[in-house]
Amino acid sequence: MVIGMCRSFRDRALDRCYHCFPCLSDPARRSSLVLKVTLVMLHLVYVGILFLFDSDLIDKTKKEPWYTALYLLLFFATLVQYFITSGSSPGYVLDAMRAVNETNVICKKSSMAKQRQTASSKNGSLPVEGCQSGRNFQGTDSTSWTKLVMDMYPPGTSIRSCICPYCNVEQPPRAKHCYDCDKCVLHFDHHCVWLGTCIGQGNHCKFWWYICEESALCLWTGILYITYLRANISRAWWNDAIAILLLIPLSIFIVFLLLLLFFHSYLILTNQTTYELVRRRRIPYLRGIPERVYPFSKGVCHNLYDFCCGGSNIYSLEPLPSAQELEEKSRPYTCLDVLTCRCC
């Protein structure tokens, strides 16, 4: 009886909690929220332990407040960048399809309005608006998206091979269905568990800046911990056991972050994604291409520009390269190519 009362009380408390916070009723969003809280708490613990035990850092803060101010600025900027990245859209195929369809409808309405104005100016009277465009709305939109996607594939490509069996929508090249988000993502890179979202065309730049800021913050924090331990090296090691225990996982995390930063920098410079690099032999449009050839690369400078400055339109679609372009990219470099900056 007592157990039943406890269960009913627990169920009522959970119902009230889910009613006040609807996001907690979804297990995926609940786990994502727990991860976010855990990450913030880890940051606060590492920084709090420093300011709690390191008296030299407190003295340095009094003498050189700009040093600590820069460190705290990087700390808050990293957390802000984390939440911006986790809350950003990776660029879903369904959203891109809606954007294309809405643009087509607006263009169609504007062209029809111009035709009516032309006809009315000739006849000297205003036309009566009909609802024909509304009846053709769905058919016209789906056809326009299908044609746009199929034009990016080589001629003769079957439309069935481009349709996602889960979303039932035509996938542009470089798009992939994410089983965690249950949506197709443009330029799918990977699904980040710590961020709780996919990394794709819409937020890959934000993700790179986040791991860059996180790497800098962890490096700075590691240097502060090592400086604290060196200043108190004459003491018994168990007096600084907390700092030592925190420094060990921090060192592992620094190595992981730096490798991740270098890896994604390489992907950016060659215009690749993690999925394309890891599953290259399983992706149909990359199977026959040599591994040293980057089919979507436009040169280092153009790749950087598109990555950094091309984020204004997260629904920009990229067609598959032609056979002539692939042959040009597979050609080995010569001294003349280096002088003419072919790699750029």
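The values are calculated or read from the model by the stated rules, or taken from the named source; none is laboratory data. A quick note: this is a predicted structure, and the numbers were derived from the prediction, not measured. As a convention, Cβ positions derive from the backbone with ideal geometry for all residues, glycine included, and neighbour counts pool all protein chains shown. With ligands, DNA and RNA removed, areas are computed over all heavy atoms of the protein, side chains included. Shrake-Rupley method; radii C 1.70, N 1.55, O 1.52, S 1.80 Å.
Here are a few things to note about the model shown:
- Straight-distance candidates among the lysines for linking to K298, with alpha-carbon spacing under 27 Å and chain neighbours fewer than 8 residues away dropped: K147, K176, K206, K329.
- FRET efficiency estimate (nearest 0.05) - Cβ-Cβ, I163 to A113, R0 30 angstrom: 0.30
- FRET efficiency for the pair S251 and D59, taken as 1/(1 + (r/R0)^6) with r the Cβ-Cβ distance and R0 = 25 Å, rounds to 0.45.
- The solvent-accessible area of M112, taken with every protein chain present and a 1.4 Å probe, is close to 50 Å².
- Here region 252-328 exposes an accessible surface that is 62 percent carbon and sulfur, computed with a 1.4 Å probe and the other protein chains kept in place.
- Portion, in percent, of the accessible area of region 143-213 that falls on carbon or sulfur, probe 1.4 Å: 56 percent
- Amide H contacts under 5 Å for V185: V93, K176, H177, C178, restricted to partners 5 or more places along the chain or on a different chain, H placed in the peptide plane at 1.01 Å from N.
- Contour excess over end-to-end distance, with Cα ends at T270 and A99 and 0.36 nm allotted per residue: 58.7 nm
- Ranking of I242, I163, I199 by solvent-accessible surface, largest first: I242, I163, I199 (1.4 Å probe, protein heavy atoms only, all chains present).
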